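Contents: one structure, followed by commentary.
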């Protein structure tokens, strides 16, 4: 073997598994395997004992896809090592995450639950493999519970882990051990969080060519695939296409088959097993998962704050003297460590006096706000940091919703964002190397888009007028006015001041696409204009260039709204935004969408948002009317913000804004007539209203008609009249005013009008 020949990390991991063999004890001395790993990493000389194995792994990467069953059969004969060798693949992670995170009503417990899951996802489980670094506590835990597992795992076996789930190779004999270790670690650390992990042994050749039967002649290969697509049996034909795709021609037929018969088929198999185990099905040689951890209560014992479990202590040193179960104790202390209220080296007496066996030791628990500070400290972000830090003192982290709401008149906004078309894109990934790169790209794009959006639209806030006994001593302190509950893969959960929420959500969606475009590989081959998708100045909209995008749900509400209730509504808004994004694909729009709701009263919605809009904001007054226009595209959200700012600059009377809104329910003609009456009576602001509302939103679909339907828009596809006016009024007080003067063009329009 010549020196200087490097391997990528996944190939090194595969070589490690093959060299280890299919038994619990390696077939070569462990020092030989370690030397092979070092040589493949640095390009050095590979030990003679394992050179043939390395050659076979290199051959696996270079295999051409066999076009016939005959050539496939030849492959199994000429590459017998690839056909006969087995490798383990394990997939797992936390399940029912929101149930665990939001079961408690208070932000400190929610923060701690999120931080604890993040630490397990990003530190503990990767530490099994020595990535990102060895943890003494995790290593000791592995030795006690799975004595032989640690030696068999190296960091090159990790395919991905930053998305909340983990996918990793392992030597074939350790599949069950690794899956059990993942599940047990979640239970050991959290007591109550649900988790699931599954694994299976695959032939080495299957990494490249998908699932293959033991008798290679029974393989459903290209010949049978083409025959099935051309058969007269419609049911069989549709079944095959549902599995492999719906090709338009012969060339696509081959591409679809190759996409399916790849590493993607192995991950699909694990996803099916994952769902089966999560549902409570038994698996051979593994403990049943039908009985998740439960802590029963007793009628004569005090329950904890979540009213679910028996409390172990009443903590007088914490605000409100809460009664906490052990599960809540862990959440609370981890939340305090993450928020830098306490430190692992000097834990508070309220915790140490409990005498628990469990300790939050090991690698430091780092909050997302600390990661945000690290992002701003990078040299390439110096200008962003200069714009954000307008003060000399280092801001602290916000400790409550009241502190975040203090930056926006007592209102906060929940933002829940999620990636679009991820499943469709993943189905095209054919190798574990591509899976690894995709996971890293998505996590980086999600994380950096959040940090950039927060830095662009927020500034440190000086707390003032706090009167509650729990936080009045916090007045005159500078804080970061936001809370990052979670960043996992393509998921984001934030709490921000209400007056910056829509701008932040819009920037997250835009930056997510921009960052992915910079990494390469995600640009659309043929991007086309998507004018039909936008209702706001469609001629100004830029085409979608990225294959992937992000949608978001935004709920603006009072700071004292119960978090579990706010999270439930925000989740509904996200689903609505994603549903809208799917319908806009036909118009050529693949970008992000945002649905939002301003809820000034907790009792405003008794059922779901969909029912509220359907029953309360949709009516028939000679024509079908929708008194709302959400969801919006990112371009439209920008237009909505500009419309509000134009009205603010013109000092449009609020009383007239509300009066026009009250006329919406009286019908189209009545509303149009009264709107024009009010506009005519305006002493100022006519030009702004015409430019940023009438011309931008309310032009008729008939291009020959030079008038407008203000305050209505017509949806030609659904045959319904809709309006942004109600939502415009709702967010009027939650859009930051611009100090820029009115443009010369608008000033001239004012004179003309």
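The values are calculated or read from the model by the stated rules, or taken from the named source; none is laboratory data. Here the structure is a predicted model, which is why all the values come from computation and not from measurement. Here the Cβ is made from the backbone with ideal geometry for all residues, glycine too, and neighbour counts use every protein chain on show.
Of the numbered criteria (1) without any contact (Cβ under 8 Å) to a residue 40 or more places away in the chain; (2) more than 19 Å from residue 723 (Cβ to Cβ); (3) surrounded by fewer than 16 Cβ atoms within 10 Å (Cβ to Cβ); (4) out of contact with any helix residue (DSSP H, G or I) (no Cβ under 8 Å at 6 or more places or on another chain), the one residue 608 fails is (4).
Against the definition (under 27 Å from residue 409 (Cα atoms), surrounded by fewer than 17 Cβ atoms within 10 Å (Cβ to Cβ) and either assigned by TED's automatic domain parsing to the domain that holds residue 698 or in contact with a helix residue (DSSP H, G or I) (Cβ under 9 Å, 6 or more places away or on another chain) (or both)), how does residue 624 come out, yes or no? Criteria not met by residue 624. Here the condition is being at pLDDT below 90, surrounded by fewer than 21 Cβ atoms within 10 Å (Cβ to Cβ) and over 30 Å from residue 103 (Cβ atoms); of 560, 525, it holds for 525 alone.
What's the total number of residues in region 635-684 that are outside any helix (DSSP H, G or I) and without any contact (Cβ under 8 Å) to a residue 40 or more places away in the chain? Break it down into steps so the answer makes sense when it comes.
Pass one, region 635-684, residues outside any helix (DSSP H, G or I): 650-653, 667, 682-684.
Right, trim to without any contact (Cβ under 8 Å) to a residue 40 or more places away in the chain and you get 651-653, 682-683.
Looking only at that region, the number is 5.
List pairs: first in region 406-435 and not assigned by TED's automatic domain parsing to the domain that holds residue 505, second at pLDDT below 90, Cβ under 9 Å, 6+ apart or cross-chain? Hits for this filter: zero, empty list.
Results for (1) in contact (Cβ under 8 Å) with a residue 40 or more places away in the chain; (2) surrounded by 15 or more Cβ atoms within 10 Å (Cβ to Cβ), shown as yes or no for each residue.
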| position | (1), (2) |
| --- | --- |
| 444 | yes, no |
| 448 | yes, yes |
| 475 | no, no |
| 481 | yes, yes |
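The number of residues in region 492-521 that are more than 30 Å from residue 565 (Cβ to Cβ), in contact with a strand residue (DSSP E or B) (Cβ under 6 Å, 6 or more places away or on another chain) and crowded, with 20+ Cβ neighbours inside 10 Å comes to 2.
Okay, residues lined up against (1) assigned to a loop (DSSP other than H, G, I, E, B); (2) surrounded by fewer than 20 Cβ atoms within 10 Å (Cβ to Cβ); (3) under 26 Å from the mean Cα position of the chain (by Cα):
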residue	(1), (2), (3)
184	no, yes, yes
198	no, no, yes
211	yes, yes, no
223	no, yes, no
229	no, yes, no
236	no, yes, no
239	no, yes, no
251	no, yes, no
256	no, no, no
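Just one of (1) part of a helix (DSSP H, G or I); (2) surrounded by fewer than 23 Cβ atoms within 10 Å (Cβ to Cβ) fails for residue 109. It is (2).
Of the residues in region 487-495, at least one is within 21 Å of the chain's Cα centre (by Cα), farther than 24 Å from residue 598 by Cα, part of a loop (DSSP other than H, G, I, E, B) and touching a residue at least 12 places away in the same chain (Cβ under 8 Å).
Only one entry in 120, 125 is in a helix (DSSP H, G or I), touching a strand residue (DSSP E or B) at 6+ places or on another chain (Cβ under 7 Å), buried (at least 20 other Cβ atoms within 10 Å of the Cβ) and at pLDDT 90 or above, namely 125. Out of region 279-293, which residues are in contact (Cβ under 8 Å) with a residue 12 or more places away in the chain, surrounded by fewer than 17 Cβ atoms within 10 Å (Cβ to Cβ) and under 29 Å from the mean Cα position of the chain (by Cα)? Of everything in region 279-293, those that are in contact (Cβ under 8 Å) with a residue 12 or more places away in the chain, surrounded by fewer than 17 Cβ atoms within 10 Å (Cβ to Cβ) and under 29 Å from the mean Cα position of the chain (by Cα) turn out to be 292, 293.
Within region 318-333, not a single residue is under 30 Å from residue 591 (Cα atoms) and either without any contact (Cβ under 8 Å) to a residue 12 or more places away in the chain or surrounded by 13 or more Cβ atoms within 10 Å (Cβ to Cβ) (or both).
A quick yes/no check of all residues on (1) buried (at least 20 other Cβ atoms within 10 Å of the Cβ); (2) within 29 Å of residue 516 (Cβ to Cβ); (3) out of contact with any strand residue (DSSP E or B) (no Cβ under 9 Å at 6 or more places or on another chain):
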position: 566; (1), (2), (3): yes, no, no
position: 582; (1), (2), (3): no, yes, no
position: 585; (1), (2), (3): no, yes, yes
position: 614; (1), (2), (3): no, no, yes
position: 620; (1), (2), (3): no, no, yes
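Among the residues of region 558-581, at least one is over 20 Å from the mean Cα position of the chain (by Cα) and in a strand (DSSP E or B).
The rows are residues; the columns are (1) in the same structural domain as residue 538 (by TED's automatic domain parsing); (2) out of contact with any helix residue (DSSP H, G or I) (no Cβ under 9 Å at 6 or more places or on another chain); (3) modelled with pLDDT of 90 or more.
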position	(1), (2), (3)
580	yes, yes, yes
588	yes, no, no
597	yes, no, yes
601	yes, yes, no
